[in-house]
Amino acid sequence: MRPTALLASLLALFVSTPGPILAAQAPAQATEGQSAQVANTEVSEDAVVAEPADPLPRLNKADVDAWLDGFMPYALQSGDIAGAVVVVVKNGEILTGKGYGFADVAERKPVDPATTLFRPGSVSKLLTWTAVMQLVEQGKIDLDVDVNRYLDFEIPARNGKPVTMRNIMTHTSGMEEYARALITADPDAMIELEPYLKHWVPTQIFDPGSTPAYSNYATSLAGYIVSRISGLSFDDYMDRYILQPLDMQHSTFRQPLPEALKPFMSKGYALGTDKEPKPFEIVNSAPAGSLSASGEDMGKFMIAHLQNGAYGSVRILEEETAKQMHDTALDMIPPLNRMLLGFYETNVNGHRGITHAGDTQWFHSQLNLFPDDGIGIFLSVNSTGKEGAAGPLRTALFHEFADRYLPGSAEDGSVDAETARQHAQQMAGVYENSRRSETGFVALANIAGQLEVAATEDGSILIPAFTYAGGQPKQWREIAPYVWREVGGDDRVAAKVVDGKVLRFSMDQFSPFMVFEPVPWWKSSAWLLPFLMAGLGALLLTVLAWPISAMIRRHYGVRYELSGRDARAHLVVRVTAIVVLAILTFAVILVVQMFDDLNNLSPANDTKVSLLRLAAMIVFPIATLIGFWNAAVVLGSRRRKLAKLWSIVLALSFVAVLWFSYAFSLIGIGANY
């Protein structure tokens, strides 16, 4: 569920000893006539599974344990994170599983890598995609046909182009962000998958296949298709054909947790020093992020994919199907990391890496595989940490692991100084993220999330939204035409340019599933945000000056000079300003509450959202007309020049509010977002 203000709140969610857990939650049998016969193929005893070459002898349990023991405790303490699990696999075995900190702070309960459940968030998607590919290899799903073939409701085509399963798996369905009811802490507010999906189909803002735009909704659509084709509930299917074959006894997609697993669930925290844990999170977009799993269980899943579908004596995928998942790349902005079928690339030091990260509100995770080296590493933490420390922690762990055990040189190069300056100037501008809400209520936050790119005198580019540890904006130096590398780092930025015009750009950490495109002039924050702020300031000053001037007149015994039409205009425009400011204030408070706590993205707020948008749709156009009427009255009167000038300012202030509310969908009908 991930760099704008919107994404910071929404960006997408989530080890094993033998025991009786699965017996307590065995799925119901499919009824007669259902098409759930999706057998997990046994691997012949005579079959030879090729072991990847050992990349480095240094990668051994003793060395990894010592390195982790030096890295993790300090990282948790300095980041104020309660607990974490790290699992490393190599050549078909769990090399090490380590728990750090506490699963329950108040009880001082340590993290057990084998049994403590974490919430891997959007790492859950990898299991969902594996289920999809099981049905692909059986001929029950075609990656390249209209998904409506498999549904009992319609996903509209855009410009004649239908959504396919390949579009869904590569996050190119074209759908806008769907935030409503994403997460709740209230089990009574849980929405089953079918009604969740059918409530509202997000508007397609891009043609399918054209633009990466990460979508939890589309992933959940894939999970629903798995359920419909198999004749099983999504949870039952995942138990029977993914979790049980892999002996993932401490893992489940079920929500709330089965009773047998509740004692093993780690608590979630905002900060590790918090004594009160957060409630268990219900992810209504279940196939996109509802998994609860132990670290070592995730190790088993990593082994299965590193061995191209084989785990022990069973297969969850045929070898060619697994390779298809790992190797089929969507190349949107070369040479950046690419989206695969479910996985996405995180190539580092010349080594091929495939990965998926995940976040709930409190748990933050990442699964990294190096298929050519037979290596995988999984991390999950149970706290967001101080100033969002969980994010930098997992990035640092990945890079330090790669630098220690998979060393190599970063791509380098250069362009001449004049070309670098020209290309940097072409990049300079304001951009918006392809992963965004466009028609829904929360789109109004997009004005604060637009991304500025600036050119420096030496031909580098700056993106102030991304900073170094000291808070300075990150700087990228051009190493090839329209390809920049972070100064002091390895992250690259690249742009797609046609006839000298930047059409889109991205960076390695986002390129597989989102891009940044130039903002249309009419909703660019470069001019609209100052215009809006000035307008709101003028309206606020007008409202505050009204009672203050009345008190001053009363104090000095000065008579109110306006009468008739002038007095009515003076009164009406000020009352209108109060109403407009009240609506905007309520909107801002509601959006801040939603992003501060995702539980507030709740259907319980539907009435508030609907009434707010309806009020904006009625009041703001009328307010603008009143503003111009007031200006006409004042300009036609004998009032002072300052009053006449201020009446024009007020009219333009109402225009600013109306323009912003239209551009960012505060004006509208309904509570879908």
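See the values below:
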{"quantity": "Pairs where the first residue, in the stretch 572-592, is on the phi < 0 side of the Ramachandran plot and the second is outside any helix (DSSP H, G or I) and open to solvent by less than 30 Å² (accessible area, probe 1.4 Å), C-beta under 7 Å, 6+ apart", "calculated": "Ala587/Leu666"}
{"quantity": "Matching entry among Glu281, Glu259 (being more than 30 Å from Gly139 (Cα to Cα), of a type in the set (Asp, Glu) and crowded, with 19+ Cβ neighbours inside 10 Å)", "calculated": "Glu281"}
{"quantity": "Residue check, Ile141 assigned to a loop (DSSP other than H, G, I, E, B), of a type outside the set (D, E, K, R) and under 20 Å from Leu340 (Cα atoms)", "calculated": "yes"}
{"quantity": "Every pair of residues 6+ apart whose Cβ atoms lie under 6 Å, when the first sits in the stretch 57-73 and is open to solvent by 60 Å² or more (accessible area, probe 1.4 Å) while the second is at pLDDT 95 or above and of a type outside the set (A, V, I, L, M)", "calculated": "Lys61/Thr96"}
{"quantity": "Filter pass, Leu232 being over 23 Å from the mean Cα position of the chain (by Cα), open to solvent by less than 20 Å² (accessible area, probe 1.4 Å) and closer than 23 Å to Gly342 by Cα", "calculated": "yes"}
{"quantity": "Of all residues in the stretch 508-555 being touching a Lys or Arg at 6+ places or on another chain (Cβ under 7 Å) and assigned to a helix (DSSP H, G or I), the one that is farthest from Val657 (Cα to Cα)", "calculated": "Trp546"}
{"quantity": "Residues that are more than 17 Å from Ala179 (Cα to Cα), open to solvent by 50 Å² or more (accessible area, probe 1.4 Å) and in a helix (DSSP H, G or I), drawn from the stretch 556-588", "calculated": "Tyr556, Arg565, Arg568, Leu571, Val572, Val575, Ile578, Val579, Ala582, Thr585, Phe586"}
{"quantity": "Index of the failed condition, Tyr178 passing every other in (1) in contact with a Pro (Cβ under 6 Å, 6 or more places away or on another chain); (2) open to solvent by 10 Å² or more (accessible area, probe 1.4 Å)", "calculated": "(2)"}
{"quantity": "The stretch 304-320: number of residues that are open to solvent by 10 Å² or more (accessible area, probe 1.4 Å) and either assigned to a helix (DSSP H, G or I) or not hydroxyl-bearing (Ser, Thr, Tyr) (or both)", "calculated": "9"}
{"quantity": "Helices (runs of 4 or more DSSP H) wholly inside the stretch 383-457 that include at least 1 residues being among the basic types (Lys, Arg) and over 30 Å from Leu612 (Cβ atoms)", "calculated": "390-405, 417-427"}
{"quantity": "Matching residues, the stretch 652-662, being closer than 15 Å to Trp527 by Cβ and either aromatic (Phe, Trp, Tyr) or open to solvent by 10 Å² or more (accessible area, probe 1.4 Å) (or both)", "calculated": "Leu652, Val655, Trp659, Phe660"}
{"quantity": "Out of Pro202, Pro187, sole residue that is buried (at least 19 other Cβ atoms within 10 Å of the Cβ) and not hydrophobic (A, V, I, L, M, F, W, C)", "calculated": "Pro202"}
{"quantity": "Options Pro335, Pro392, Pro371: the member that is surrounded by fewer than 23 Cβ atoms within 10 Å (Cβ to Cβ), out of contact with any Cys (no Cβ under 7 Å at 6 or more places or on another chain) and modelled with pLDDT under 95", "calculated": "Pro392"}
{"quantity": "Conditions (1) over 28 Å from Pro520 (Cβ atoms); (2) under 28 Å from the mean Cα position of the chain (by Cα); (3) at pLDDT 95 or above; (4) open to solvent by less than 40 Å² (accessible area, probe 1.4 Å); number of the one not met by Leu611", "calculated": "(4)"}
{"quantity": "Residues of the stretch 441-489 that turn out to be open to solvent by less than 30 Å² (accessible area, probe 1.4 Å), in contact with a helix residue (DSSP H, G or I) (Cβ under 7 Å, 6 or more places away or on another chain) and at pLDDT below 95, as a count", "calculated": "7"}
{"quantity": "Failed item, numbered, when Val591 is tested on (1) open to solvent by 30 Å² or more (accessible area, probe 1.4 Å); (2) in a helix (DSSP H, G or I); (3) out of contact with any Ser or Thr (no Cβ under 9 Å at 6 or more places or on another chain)", "calculated": "(1)"}
{"quantity": "Output for the stretch 174-233, where each listed residue is among the hydrophobic types (A, V, I, L, M, F, W, C) and assigned to a helix (DSSP H, G or I)", "calculated": "Ala189, Leu193, Leu197, Ala218, Leu221, Ala222, Ile225, Val226, Ile229"}
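The values are calculated or read from the model by the stated rules, or taken from the named source; none is laboratory data. Since we're looking at a predicted model, the values are computed, not measured. Cβ atoms come from the backbone with ideal geometry, glycine included; neighbour counts cover every protein chain shown. Calculation scope for accessible area: heavy atoms of the full protein, side chains included, ligands and nucleic acids excluded. Shrake-Rupley method; radii C 1.70, N 1.55, O 1.52, S 1.80 Å.
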